[in-house]
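The values are calculated or read from the model by the stated rules, or taken from the named source; none is laboratory data. No experiment lies behind these values; they were computed from the predicted model shown. Please note: Cβ atoms are built from the backbone with ideal geometry, for glycine as well, and neighbour counts cover all protein chains shown. In case anyone asks, the SASA skips ligands and DNA or RNA and just uses the protein heavy atoms, side chains included. Shrake-Rupley method; radii C 1.70, N 1.55, O 1.52, S 1.80 Å.
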Amino acid sequence: MLPSVSVRVPASTANLGPGFDCLGLALDLYNTVTLAAATVTEVVVSGEGDGWIPETPANLVLRAASELTRRAGLPVPGWRLVQHNDIPLARGLGSSSAAIVGGLLAADRLLGLDTPTQELLDLATEMEGHPDNVAPALLGGLTVCAREDDRTLCVSLPAPENLVVAVAIPEFEVSTEQAREALPEAYPRADAVYNVSHACLALAALVRGRYDLLGQAMRDRLHQPYRVPLVPGMGEVIEAALAAGAYGAALSGSGPTVAAFCSDEDPALAEAMRRAFAHEGVRAQVKWLRPAGGAEVIG
Ligand code: HSE
């Protein structure tokens, strides 16, 4: 039996409202990848994306594994990949970041590369295009990122305590590419100031447990208003969650999932979010998740 490495990678919710391309939080919903070198590439996918995730070298986990191998100056082998996904695809819960981080970490351990975490983060960001899902997927907890040239400067803070997250996941998908194309090139200074101040306030509120501030601190003017046409009911679902007692709520990443930060699992709140989507003709399921640690080698 050839050696293999198994890695478990968490989902993530990015932006947290105003922290566009900056703030992210790891959540306890996972994808698992098991990677080995092989003479001929073979991929087995189960769970979310089974049937349409490529079972070829175009598979994102394998593209990440191969890229890291190439950059280490090693020949890229064939791969055997077994991938089980619990993170739904293209819903704003960091599934592509989980695939990238899974591929990088598995290849790193399998080939004994010992790549510094900073380099893994930089490569993952380059592949994903923004850091706010790959950082929590890799490092866990609440992550704060800034880009400087090709570097992702990042601090991972401990997961906020006494917080559960209701994620209302619509049936339909939104590609991040499409959701980024919906954004303007430039913003009025008032909107920039609004977001800088709200992002800092949201972060401080999360760190200091001032969850009472989140309802206002998680408001955003940089991306959510422009994504409403892609996510019918977004504003209503956020309002429904707040009215039902959530501390704060926002579009999860580029959507279409809406994430509500709450004190406890409350079926009435979940139902309020589901119904607000249903009112717009959107079917959604609600899952309760908790803040989580980062990617782990599990075998
Ligand atoms: N910050 C990214 C965006 C997250 O909002 O486009 C994508 O999940």
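Quick notes on this structure:
- Distance in nm between pseudo-label sites at Val228 and Ala38 (7 Å out along the Cβ direction from Cα): 4.9 nm
- Two-site FRET efficiency, Glu296 against Arg208, from Cβ-Cβ distance with R₀ of 35 Å, rounded to 0.05: 0.80
- Rolling a 1.4 Å probe over the protein heavy atoms of the chain, with every protein chain left in place, gives an accessible area that is 52 percent carbon and sulfur.
- Under 5 Å between amide hydrogens, built in the peptide plane, is the criterion, and for Ser12 it picks out Leu27, Gly94 among residues at least 5 positions away or on other chains.
- Mean separation of Cα contacts under 8 Å (6+ apart) over length of the chain, as relative contact order %: 26 percent
- The loop-placed chymotrypsin sites (Phe, Trp or Tyr not before Pro) in segment 1-74, going by DSSP, that have at most 10 neighbouring Cβ atoms within 10 Å of their Cβ come out as Trp52.
- Descending Cα extents along the principal axes, segment 139-186, whole Å: 35, 33, 19
- Rg over Rh for segment 4-100 works out to 1.01, using Cα positions for both radii and the Kirkwood form for Rh.
- Cubic angstrom per residue, convex hull over Cα atoms of segment 164-289: 97 Å³
- When only alpha carbons are used to place a centre, segment 7-24 and segment 199-215 end up 16 Å from one another.
- For segment 164-289, the relative contact order is 40 percent, taking Cα pairs closer than 8 Å that sit 6 or more residues apart in sequence and dividing their mean separation by the residue count.
- Rolling a 1.4 Å probe over the protein heavy atoms gives segment 164-289 an accessible area of 48 Å² per residue.
- Residue with peak Gaussian network fluctuation, the chain [Cα springs, cutoff 10 Å], from Val165, Val258, Val82: Val82
- If the convex hull is drawn through the Cα atoms of the chain, its volume per residue in Å³: 123 Å³
- What the Cβ-Cβ distance of Arg283 and Tyr187 gives, at R0 = 22 Å and to the nearest 0.05, is a FRET efficiency of 0.10.
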